[in-house]
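The values are calculated or read from the model by the stated rules, or taken from the named source; none is laboratory data. Keep in mind that this is a model prediction, so the values were computed, not measured. Note that each Cβ is placed from the backbone with ideal geometry, even for glycine, and that neighbours are counted across all protein chains shown.
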Amino acid sequence: MVDGPERRPGVAFVAHCLLNQNSKVGDGAHCAGIYSPVVDVLRDRGWRIEQMPCPELAFTGLNRFWAVREQLDTIAYRKHCRRLAAVVADMIAVRAAHGEDIVLIGVEGSPSMGVHVTSSDPARGGLPEWPAGTSELTSGEGIFVEELRAELSRREIAAGLGGETHALPGHDERTQRTGLESVLGRPPGGRQ
């Protein structure tokens with residue numbers, strides 16, 4: 001980021017569903033409209049917000065059910081994510097060329113937008129129903145985040161990474177806020 005009187009605020013590229021919960025799968029919305037805890041942190045820190053597209057919504061539409069990574073990880077979906085990632089990377093490149101800090105805010109547990117946690121279950125097919133006590137959550141990036149980071153790497157653009165955790169078991173809003181503030185306060189390319 002540029003220091004001094006010319007200092008520009010950073011730009012957060014935020015997962016679509018955090019700015020429009022109504023785009024989530026079935027009953028996955030945690031509130032109507034904007035998920036404000038993430039927006040509150042960004043505003044408090046003076047970061048501007050850009051909404052990334054939802055790759056799942058654009059690929060499968062509103063009438064879809066929850067999927068794990070293996071169900072989406074097809075040649076067609078990867079190609080779709082690469083196209084979207086190239087468009088988002090074009091927007092990020094403009095901001096980076098102006099010396100602005102960039103951070104990507106994904107959704108932990110998402111098969112597409114997960115930053116550190118995605119959903120995975122190689123044995124699943126059809127409508128997911130997990131027996132009590134089992135979880136599809138595993139460490140790793142979602143497919144779109146993976147493709148976007150690869151595109152940014154090819155362009156030699158650094159971006160911080162933060163994951164919103166409201167869909168994870170044991171979610172704690174204060175811990176989430178602290179983690180997000182940490183990502184916003186570190187140099188580009190830092191990982192949480």
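Remarks
- Every residue from region 15-43 that is in contact with a helix residue (DSSP H, G or I) (Cβ under 7 Å, 6 or more places away or on another chain), closer than 14 Å to residue 184 by Cβ and at pLDDT 85 or above: 41
- Within region 44-69, the set of residues being of a type in the set (Val, Ile, Thr) and at pLDDT below 90 comprises 60, 68.
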